[in-house]
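Participant: My questions all concern the structure below.
The values are calculated or read from the model by the stated rules, or taken from the named source; none is laboratory data. Small disclaimer: the values here were computed from a predicted structure and weren't measured. When we count neighbours, we look across all protein chains shown, and the Cβ atoms used for this are built from the backbone with ideal geometry, even at glycine. Side chains included, ligands, DNA and RNA excluded: accessible areas come from the protein's heavy atoms. Shrake-Rupley method; radii C 1.70, N 1.55, O 1.52, S 1.80 Å.
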Amino acid sequence: MSWLFLILAGLFEMTGVTMINSLHKKRNWQSLFLLIGGFGASFIFLALAMKELPMGTAYAVWTGIGAAGGAILGMILYGEPRDAKRIFFIAIVLSAAIGLKLVS
């Protein structure tokens with residue numbers, strides 16, 4: 001169950017990061033609410049995951065999901081570059097997160 005909490009924490013982290021960009025583009029209450037809610041839920045699920053998972057592993061996987069997911073969402077939603085080098089390094093981040101899960 002702790003790994004499910006960690007994945008949810010990473011997904012909510014992606015929501016929060018996306019809403020930062022949304023808030024910069026259009027200042028409205030919906031974006032602000034989703035930003036606060038996304039990061040709040042992310043921290044709650046991270047804390048639940050860390051009840052069973054080691055802190056270093058949980059934090060590394062959480063940030064990996066957030067960083068890679070944020071980069072992917074930037075490419076999909078905001079037209080950020082999709083060149084092979086970016087995709088290669090996103091894959092490295094995801095591989096490291098998966099590797100930590102396999103050795104934990």
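Participant: Rounded, prolate or oblate: which one fits the chain, using the alpha carbon gyration tensor with axes a ≥ b ≥ c (rounded when a/c is under 1.5, else prolate when a/b beats b/c, else oblate)?
Facilitator: Details: a/c = 3.59, a/b = 1.21, b/c = 2.96.
In terms of gyration-tensor shape, oblate.
Participant: Using only the heavy atoms of the protein chains and a 1.4 Å probe, how would 50, 14 rank by accessible area, largest first? Present the calculation step by step, with values, prior to reporting the outcome.
Facilitator: On the way: 50 75, 14 35 Å².
Greatest to least solvent exposure: 50, 14.
Participant: Something else about it: What distance in nm separates the two pseudo spin-label positions at residue 91 and residue 103, each 7 Å out from Cα along the beta-carbon direction?
Facilitator: 2.1
Participant: So, one more: With a cut-off of 8 Å between alpha carbons and a minimum separation of six or more residues, what is the relative contact order of the chain in percent? Don't jump to the answer; show the numbers that get you there.
Facilitator: Details: 109 pairs, mean separation 34.6, N = 104.
Relative contact order, the chain: 33 percent.
Participant: Give the distance, in whole Å, between the Cα centre of the stretch 85-104 and the Cα centre of the stretch 1-76.
Facilitator: That distance is 17 Å.
Participant: Can I ask one more? Fully extended, how many nm does the chain gain between residue 36 and residue 21 (0.36 nm per residue separation, minus their Cα-Cα distance)?
Facilitator: Contour length minus the Cα-Cα distance gives 4.1 nm.
Participant: DSSP loop (so not H, G, I, E, B), at most 13 other Cβ within 10 Å: list which trypsin sites (Lys or Arg not before Pro) in the stretch 34-104 pass both filters.
Facilitator: Numbers: sites: 51, 82, 85, 86, 101; in loops: 51, 82.
Listed in order of number, the matching sites are 51, 82.
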